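The values are calculated or read from the model by the stated rules, or taken from the named source; none is laboratory data. The structure displayed is predicted, hence computed values, not measured ones. So basically every Cβ, Gly included, is an ideal-geometry build from the backbone, and we count neighbours across all protein chains shown.
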Amino acid sequence: MSYGVAAALQTAIYQTLSTDPGLAALVGTSIFDALPSGTLPPLYIVLGSEDARDASDKTGGGALHEFTVTIVTESAGFASAKVAAAAVSDALVNADLVLSRGALVSLNFYKAKAARVGTGDVRQINLIFRARVADDT
């Protein structure tokens, strides 16, 4: 198994989301690898947790990464969050990510969960994707 591609994968995902014109039209620059301090925008995207497991085979090392991208909005209802979630999915599914280490074999949507956060108007959608990577080192 190799976890060596994890940082390269995360960097490529962030870069893809940050430069996607459709997503930029919805959230501007409010795409974060880590939440900034201070007041957050009313609609933003943040990279979340990741689980990885061995996916090595006779051709070499590799891993299957399940990672979360979270969309958060202060708007009542899920409409704006779902539009942003669709744009995230469109940007990532079957994307041809260029990694600084290893290679992306596949990137697919796995599942999503939409939920109200607390008792207010905050809504959150967690999108989970599966990326299969090969490590060429």
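Name, by its number, the condition in (1) within 22 Å of residue 115 (Cβ to Cβ); (2) part of a strand (DSSP E or B); (3) over 11 Å from the mean Cα position of the chain (by Cα); (4) hydrophobic (A, V, I, L, M, F, W, C) that does not hold for residue 64.
(1)
How many residues are closer than 14 Å to residue 135 by Cβ and either of a type in the set (S, T, N, Q) or in a loop (DSSP other than H, G, I, E, B) (or both) when one looks only at region 1-57?
Qualifying residue count, region 1-57: 7.
Could you list, in sequence order, the residues of region 104-137 that are part of a strand (DSSP E or B) and without any contact (Cβ under 8 Å) to a residue 40 or more places away in the chain? It would help to see each step written out before you state the result.
Applying the first criterion (part of a strand (DSSP E or B)) to region 104-137 yields 104-116, 123-135.
106, 107, 108, 109, 111, 112, 113, 114, 115, 116 - these are the residues of region 104-137 that are part of a strand (DSSP E or B) and without any contact (Cβ under 8 Å) to a residue 40 or more places away in the chain.
Tell me the residue from 69, 88 that is within 19 Å of residue 7 (Cα to Cα), of a type outside the set (D, E, K, R) and in contact with a Leu (Cβ under 9 Å, 6 or more places away or on another chain), please.
Values: 88 fails: within 19 Å of residue 7 (Cα to Cα).
Answer to the check: 69.
Sort out which residues of region 85-105 are closer than 16 Å to residue 10 by Cβ and not polar (S, T, N, Q), and write them in order of number. So that I can check it myself, show each step before the final result.
Here is the first cut: in region 85-105, the ones closer than 16 Å to residue 10 by Cβ are 88, 91-92, 95, 97-104.
If the condition is that a residue be closer than 16 Å to residue 10 by Cβ and not polar (S, T, N, Q), then 88, 91, 92, 95, 97, 98, 99, 101, 102, 103, 104 are the ones that fit.
Taking the stated definitions as given, is residue 12 modelled with pLDDT of 95 or more, surrounded by 12 or more Cβ atoms within 10 Å (Cβ to Cβ) and in contact with a Gly (Cβ under 8 Å, 6 or more places away or on another chain)? So that I can check it myself, show each step before the final result.
On the way: modelled with pLDDT of 95 or more: yes; surrounded by 12 or more Cβ atoms within 10 Å (Cβ to Cβ): yes; in contact with a Gly (Cβ under 8 Å, 6 or more places away or on another chain): no.
No, not satisfied.
Residues of region 67-84 being under 19 Å from the mean Cα position of the chain (by Cα) and of a type in the set (Ser, Thr, Tyr), which ones?
Our first condition is that a residue be under 19 Å from the mean Cα position of the chain (by Cα); within region 67-84, this holds for 67-73, 78, 80-84.
Matches in region 67-84: 68, 70, 73, 80.
Among the residues of region 73-103, count how many are touching a residue at least 60 places away in the same chain (Cβ under 8 Å) and crowded, with 17+ Cβ neighbours inside 10 Å.
Qualifying residue count for the region: 9.
Would you check if there is a residue in region 106-122 being closer than 17 Å to residue 10 by Cβ, in contact with a Gly (Cβ under 9 Å, 6 or more places away or on another chain), surrounded by 13 or more Cβ atoms within 10 Å (Cβ to Cβ) and among the aliphatic types (A, V, I, L, M)?
No; the residues of region 106-122 include none that is closer than 17 Å to residue 10 by Cβ, in contact with a Gly (Cβ under 9 Å, 6 or more places away or on another chain), surrounded by 13 or more Cβ atoms within 10 Å (Cβ to Cβ) and among the aliphatic types (A, V, I, L, M).
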